1. Select the strands (runs of 3 or more DSSP E) contained entirely in the stretch 4-94, then report the ones holding at least 3 residues which are within 30 Å of residue 138 (Cα to Cα) and without any contact (Cβ under 8 Å) to a residue 60 or more places away in the chain.
2. I'd like to know if the stretch 157-176 contains one or more residues that are assigned to a helix (DSSP H, G or I), free of Cβ contacts under 8 Å to residues at least 60 places away in the same chain, closer than 30 Å to residue 66 by Cα and not assigned by TED's automatic domain parsing to the domain that holds residue 31.
């Protein structure tokens, strides 16, 4: 969980009729980057949260609001977030939150998540589907940091595949073995 403390501030408000300062009472926000958070955000924005496309400021602020565990937060409080606060949120989102690493994957964890056959887990429904497929309980796992959940899903997929070798890799192995035997015994077949 990430905690951000926002001090008391005043925001300048201006429209065609009115111009004034709006007092905003400071507060410590408790934030969680979880499947529940992205589900809320996707419900509002109707697009995948996990995407290479950059998010607008409004989308970013909306996601921070979706991450918030506090009740009754003044919406103006999100406008008081500094660039440093937003950077802390991004670092928290990027944190793997686990010691598990996977060989041959750059030392990282499950990363942005890939499901069976390499399909990206880029929407909350695909992530929930992977959880159902692997028997991962929604409660408490949907409240976990998303990268930790991706790591669990990835590990389940590795466990499901076991140590089975693909038919192509098996055929390649036998071809190499036969080639070595032909060379050793000086035969053609």
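1. 27-31
2. Yes, that holds for at least one residue.
Every residue, every condition in (1) in contact with a strand residue (DSSP E or B) (Cβ under 7 Å, 6 or more places away or on another chain); (2) within 18 Å of residue 126 (Cβ to Cβ); (3) surrounded by fewer than 16 Cβ atoms within 10 Å (Cβ to Cβ); (4) in the same structural domain as residue 124 (by TED's automatic domain parsing), yes or no:
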| site | (1), (2), (3), (4) |
| --- | --- |
| 16 | no, no, yes, no |
| 37 | no, yes, no, no |
| 45 | no, yes, no, no |
| 62 | no, no, no, no |
| 77 | yes, no, no, no |
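The values are calculated or read from the model by the stated rules, or taken from the named source; none is laboratory data. Predicted, not measured: the structure shown is a model, and the values here were computed from it. Cβ atoms come from the backbone with ideal geometry, glycine included; neighbour counts cover every protein chain shown.
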